[in-house]
Structures are given as structure tokens and as C-alpha cells.
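K.L.:
Quick one: structure below, then a few questions.
The values are calculated or read from the model by the stated rules, or taken from the named source; none is laboratory data. Keep in mind that what you see is a predicted model, and the values were worked out from it rather than measured. We place every Cβ from the backbone using ideal geometry, glycine too, and count neighbours over all the protein chains shown.
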Amino acid sequence: MRRVLALAVVLVLAALMMAGVNQLPPPGQADQPVHRHVAADYVAGGAQAGGAGNLVTSVLLHYRALDTYGEVVVIFAALLGVLLVRSTGGPPTRPPSRLVPVSPVVDQVVRLMTPFIALFALFMIVEGHVLPGGGFQGGVVLGALMILLSLILGPERLRGLLPIGAVTWVRAAAPLVFLLCALAGLGLAGWWFALPDPGWLREFVLVALELAIGFGAAAALTGFFLSLAVDGHH
Amino acid sequence: MSPNDVFDLLILTLLIGCALAIARLKDLAAAVVLFSIYSFALCLLWVHRGAPDVAMTEAAVGAGITAVLFFYALTRTGRREK
Amino acid sequence: MDITSGLAHIDYIAMVILFAVGLYIVLTRQNLLKKILGLNIMETSVFGLIVTSGMVDGGSPPLLGRGLEAPYASPVTHALVLTGIVVALSVTALALVLIVRVKRECGSIELDELLEPEE
């Protein structure tokens, strides 16, 4: 009964949405509203105003900087929530069912690939303003690498990589550096999130922002993973 | 129909097939693996749509990290759906 | 109606179907993990809709100064979706940790069992 009701709701909703999307202009034509309003301006002036050849980075860090700041805060808040859920009281935990030991092939391949993946992630973060890539993109690759490493080394070894105090700062790096840059923009150019004027300084700020976002995102992802993988309280 | 359209149709069929299979499967581990495949197909679609930045993020997040997080949650909550 | 105009909205329609499948999973499945998977499918379908609306046939990725030629795909939609993916991941991670906690406290993650009054 419930299933039939749910199916009916879903079908009615889907029919309505189908009718809606059929009224949209067909995708793929360059003269649509999507490409005419702000997007045209961004394509025309984005490289100049944002200091970035990669227009996505330019939109993220210049035109829509406030949104990106909000996103960074959301990740940080989610990390806080995850850590909070894990660390507040509750009954003693049952150890997770025994995991199969990692095969030596996987182990060796991960060890072999680690420097290359790390280099690639760093390259994506640092060159994100001219090539595809950027803070988040590189950050998630770096986070995936950390998760891979903790799969073969064990979460405890991974935890020993950074002292506990430093971990806290890296996790909070993205919101803090972003706020600092916003304040610098307010002081130097007169409005929030403004990028400073000389080209080299602008590039410096962009790279600093992307490094902070990248490492912050990687630390947050590793935090999510460790919270799920390691049980109990530390 | 150009080869581009055929590629698009193939990917979209794969996406819908994966989603339906996820809805039907009772084995959650298999569903998570299918979600990984789904994310990777989406990643291909986005390269094709001219969005390399989004594709890279989706490949790392959707196909990699989300699946790992789900697997670890599965080890604690049980693999079968009732 | 010739075949090309019939196919013009096929990308949008496929995304609507994906959204419907995701919503069906969220509404009918009792397992909380399965609900989160359904939520992820709904999210990705919306991302797909947005990115598709920003594409240009035969266009290039929005990278200037790399020898790519106009028309470019709209960078706004890409930035929007990028933000969305990372937020979706945060939501998923938080939900998973909460589900593990529910399992630990209540012994089950099936919604109908959780809602049953204890006898």
C-alpha cells in the first residue's frame, strides 16, 4: 500500500518535472539565457578580474567568493558535527567485524603510487588558477590519497603523521585563511573578498587561498574517514 | 545521430540502469559498488560536457571517497537490507 | 516531430528519471543507508541538470589562454556544481556517522523497526 502511494507521488512529480524541462530551451546552444547574462561577462572579463585563466576558479574565488566561503564553513561545520557525534558519551562500542588483511599487491601498488598521486594533487592545487583543478579538486584527491594510505598503514600510523595541535589548525585552515584574505581585501581595495591589485600579489593570494582550501578539504575528508574507521574514544 | 549523441545515450542508459539496480538490490555492498560505477559514468558525461573540474572532483569524491565511507559504515551496521 | 527535436531534451529527461528513482528509494526503502544512497542519486541528478544546461555543443571547457576557442561552457554552472558536490559529501559523511551512532544506540538501522513501540 505504502509502496503504491509512494510510486504515485513519484510518478506525478516526475510528470510535472518532465513538463517543466520540456519548456526549457534545449541544451547546447550558445545563445541561451544561461550563457547570456552573467556568464558572458565572466567569460569576457573573468581572466582579468579574477587573475585566473581557469574561469571556474575565477568564479569560485573572485565573483562568488562569499559562496565559496560559505561552502568552506559548511565543510568545517560538518567536520565538527562528525567529531562531536563520535566523541560524546554513549555505550561502549563493539569492535568492527574483522577486516580482511590487505593483499601485498595492493599494498605495494599504493606505496608505489603515493608520491605520484601526492604530486598530482599538489599540482592541481597550485596550478588550479590556470589549468583544470583548484583547491577543492586537489584537496579531494589528497584526501583520497590519505584514505588509501590509512587503508594499508592503519589509521593509527596516519594519525601519527601530524601532531594533534597541527591537525586542528590544518582542519581550520580554509575558513581562517579565507577570512584573512577577505579582511585583506577590505583593507586594500575597500570591499570584502576583493583581490589585491598588482598581478603578482593577486596570484600569490589566489595560490594561498587554494592551498588553504585544498589542505583544509583534505584534512576534513581524512577526519570524516577516521571518524568512521576508528571506533571508540581517543 | 552523431557519435557524440550515441555516447551520451549510452552513458545516460548506464546511469538509469545503475540507479534502478541500486533501488532493487538488497545487498548494500553491491549497491555501493554500483553507486561507484554510477559516479564514474557521470564523470565521463561531465568530461563530455566540457566540465573537467567537476569531472575530477566527481571521480575522487563520488567514485572514491563516498564509497569508502559507505563501506566503513556497512562494517558497523550490517550488509543486508531487510 | 523529427528525431533531433525529440532528442533535444533527452539529457534533461534522463536527469528527471534519475531524480524520480532517487526519490522513490528515499520514500520506500526502510534501511537508512539505502536512503542516503537514494539522496546521493537525487543530488547527482540535479548536478547533471545544472551542468547540462551550461554546456555548448562543440564548445570548450572554460579555460582561457590555453589555445581553446570560444564558445566556452558556462563557468558559473561548473562552480555551482563543484560547491554542491563538496557540500553533498559533507552531508553524506555526517549522515553516515549519525547512522552508525543510531545502530550503536538502538541496535538497528531499519526505520520501521526503529519506529516500533517497545514492548
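K.L.:
So, in the stretch C:92-112, how many residues would count as being more than 7 Å from chain A (Cβ to nearest Cβ) and either within 27 Å of residue A:138 (Cα to Cα) or at pLDDT 90 or above (or both)?
P.N.:
Residues meeting the conditions: 3.
K.L.:
Specify the residue that is nearest to residue A:227 (Cα to Cα); the eligible residues are those in the stretch A:60-75 that are of a type outside the set (Val, Ile, Thr) and at the interface with another protein chain (Cβ under 9 Å from one of its Cβ atoms).
P.N.:
Applying the filter and picking the extreme gives A:71.
K.L.:
On the basis of being part of a loop (DSSP other than H, G, I, E, B), touching a residue at least 12 places away in the same chain (Cβ under 8 Å), surrounded by fewer than 21 Cβ atoms within 10 Å (Cβ to Cβ) and aliphatic (A, V, I, L, M), does residue A:130 make the cut?
P.N.:
yes
K.L.:
When both residues are 6+ apart or on different chains and their Cβ atoms are under 7 Å apart, which pairs have a first residue that lies in the stretch C:81-98 and is more than 16 Å from residue B:58 (Cβ to Cβ), and a second that is in a helix (DSSP H, G or I) and polar (S, T, N, Q)?
P.N.:
Qualifying pairs under 7 Å: C:97/A:227.
Table: residues versus (1) touching a residue at least 12 places away in the same chain (Cβ under 8 Å); (2) facing chain A (nearest Cβ under 10 Å); (3) touching a helix residue (DSSP H, G or I) at 6+ places or on another chain (Cβ under 6 Å); (4) within 26 Å of residue C:20 (Cα to Cα).
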residue	(1), (2), (3), (4)
C:48	yes, no, yes, yes
C:61	yes, yes, yes, no
C:64	no, yes, yes, no
C:67	no, no, no, no
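K.L.:
When the residues of the stretch A:89-127 are filtered to those that are modelled with pLDDT under 90 and basic (Lys, Arg), which remaining residue is surrounded by the fewest Cβ atoms within 10 Å (Cβ to Cβ)?
P.N.:
If we take residues in the stretch A:89-127 being modelled with pLDDT under 90 and basic (Lys, Arg), then A:98 is surrounded by the fewest Cβ atoms within 10 Å (Cβ to Cβ).
K.L.:
Modelled with pLDDT of 90 or more, among the aromatic types (Phe, Trp, Tyr) and buried (at least 17 other Cβ atoms within 10 Å of the Cβ): is that true of residue A:193 in this structure?
P.N.:
no
K.L.:
While we're looking at this one, here's another question. When residues of the stretch B:42-56 are filtered for being under 22 Å from residue A:148 (Cα atoms) and more than 7 Å from every other protein chain (Cβ to nearest Cβ), how many remain?
P.N.:
Number of matching residues: 2.
K.L.:
I need the full set of residues from the stretch A:183-229 which are hydrophobic (A, V, I, L, M, F, W, C), farther than 15 Å from residue A:169 by Cα and within 13 Å of chain C (Cβ to nearest Cβ), in order please.
P.N.:
If the condition is that a residue be hydrophobic (A, V, I, L, M, F, W, C), farther than 15 Å from residue A:169 by Cα and within 13 Å of chain C (Cβ to nearest Cβ), then A:224, A:225, A:226, A:228, A:229 are the ones that fit.
K.L.:
Filter the stretch B:57-82 for residues that are within 14 Å of the chain's Cα centre (by Cα) and more than 9 Å from chain C (Cβ to nearest Cβ); which is nearest to residue B:16 (Cα to Cα)?
P.N.:
Across the stretch B:57-82, the extreme among qualifying residues is B:63.
K.L.:
Tell me which of these residue A:6 doesn't satisfy, since it passes every other one: (1) facing chain C (nearest Cβ under 9 Å); (2) in contact with a helix residue (DSSP H, G or I) (Cβ under 6 Å, 6 or more places away or on another chain); (3) within 21 Å of residue C:81 (Cα to Cα).
P.N.:
The number of the failed condition is (3).
K.L.:
Let me ask something else. Could you tell me whether residue A:116 is within 14 Å of chain B (Cβ to nearest Cβ) and either not basic (Lys, Arg) or not in a helix (DSSP H, G or I) (or both)?
P.N.:
Answer is no for this residue.
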